[in-house]
Amino acid sequence: MKKIAIIEDETAIRENYIEMLSAQGYQVSGFADRASAESAFKDALPDLAIVDIGLGHEIDGGFLLCQTLRTLSKTLPIIFLTARDSEIDTVCGLRMGADDYLTKDISLAHLAARIGALFRRMEALEQPADANALITRGPLKLDTQRMQVFWQQQLVDLTVTEFWMLHSLAQRPGHVKSRNDLMSDAKIYVDDSTITSHVKRIRKKFMTLDSHFDCIDTVYGMGYRWEQR
């Protein structure tokens with residue numbers, strides 16, 4: 001049974017999500033603030049975390065919690081579920097390592113579908129190796145079994161969503177992938193600006209390791225492609 005943690009300071013909303021997800025067969029724990037969640041996570045991490053940004057008196061408590069979770073696990077799926085829908089908050093959430101950013105007007109059925117998609121992607125870790133498990137593109141090595149990416153033999157710290165977007169691009173160098181293609185291949189359902197934010201974050205992570213990295217091209221009006229220089 002998959003374990004989900006919900007960090008939400010409004011009791012009624014938290015209990016509603018707990019009831020819905022428990023009915024879907026998940027083991028769900030609820031936390032009203034960052035401190036109680038962090039205390040519990042020191043003992044055991046959930047399989048997925050759903051985090052509100054504003055937590056009690058902490059306006060950006062969810063962002064701080066996300067940073068803590070990322071220090072504890074590089075691959076734990078994290079979803080921001082918040083009333084804050086500004087582009088700045090969305091970009092900040094993704095930059096901090098969240099896999100998805102949703103607003104609270106989303107239906108419970110849609111939320112359940114997004115959670116299911118994240119869990120299906122994580123199951124790739126448990127799949128046996130096959131001939132297609134390793135993709136090599138010059139200094140890029142991408143291992144779908146371990147969900148690890150190396151650039152010039154250095155590990156690139158990608159989230160699950162970022163991994164599958166990069167996988168989509170690297171599979172067919174020179175082939176343009178639209179934002180819809182990347183969304184489909186990563187099994188997420190977001191707007192174009194969120195896809196753009198993910199791609200910018202991927203580029204930034206590579207450039208942290210190699211300031212000359214320029215293998216992800218923007219094809220204006222069409223999408224993105226991987227070009228091996």
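The values are calculated or read from the model by the stated rules, or taken from the named source; none is laboratory data. Keep in mind that what you see is a predicted model, and the values were worked out from it rather than measured. Cβ placement follows ideal geometry from the backbone for every residue including glycine, while neighbour counts extend to all protein chains displayed. Quick note on the areas: whole protein, heavy atoms, side chains included, nothing else; ligands and nucleic acids left out. Shrake-Rupley method; radii C 1.70, N 1.55, O 1.52, S 1.80 Å.
When the Gaussian network model of the chain links Cα atoms closer than 10 Å, the mean-square fluctuations of ALA44, ALA98, ALA133 top out at ALA44. Expressed as a whole percent, the accessible surface of the stretch 169-229 that belongs to carbon and sulfur atoms is 47, based on a 1.4 Å probe. Say a paramagnetic label sat at a point 7 Å from the Cα of GLN154, along Cα to Cβ; which residues of the stretch 214-229 have their backbone N under 17 Å from it? So the set is 214-216. With the helix formula -39500 (n - 2.57) applied to DSSP H stretches of n ≥ 4, the chain reaches a computed 222 nm mean residue ellipticity of -13000 deg cm²/dmol. Cα gyration tensor of the stretch 1-105, axes a ≥ b ≥ c as square roots of the eigenvalues: rounded (a/c below 1.5), prolate (a/b > b/c) or oblate? Note, shape of the stretch 1-105 comes out rounded.
When both bridge partners sit in the chain, DSSP labels roughly 50% of those beta bridges antiparallel.
For the chain, the C-alpha radius of gyration divided by 2.2 N^0.38 Å, with N the number of residues, is 1.02. Defining a contact as two alpha carbons under 8 Å apart and six or more residues distant in sequence, what relative contact order in percent does the stretch 11-85 show? This gives 27 percent for the stretch 11-85. Look at the alpha carbon pairs under 8 Å that are at least 6 residues apart: their mean separation over the length of the chain gives a relative contact order of 13 percent. Relative to the dominant Cα principal axis of the chain, helix 160-171 is inclined by about 20°. Each of LYS204 and LYS104 was given a label point 7 Å from its Cα along the Cα-to-Cβ line. The distance between the two points is 2.7 nm. Volume per residue for the stretch 63-189 equals 126 cubic angstrom (convex hull of Cα atoms). Each label point was placed 7 Å from the Cα along the Cα-to-Cβ direction; for ASP60 and MET222 their separation is 3.8 nm. Ligands, DNA and RNA are left out, and with a 1.4 angstrom probe the accessible area of the stretch 86-229 is 49 Å² per residue. A simple packing score, the average count of other Cβ atoms within 10 Å per residue, orders the peptides 69-80, 210-221, 146-157 as 69-80, 146-157, 210-221, with the highest score first. Scoring 6-12, 106-112 by mean Cβ neighbours within 10 Å over their residues and listing the highest first yields 6-12, 106-112.
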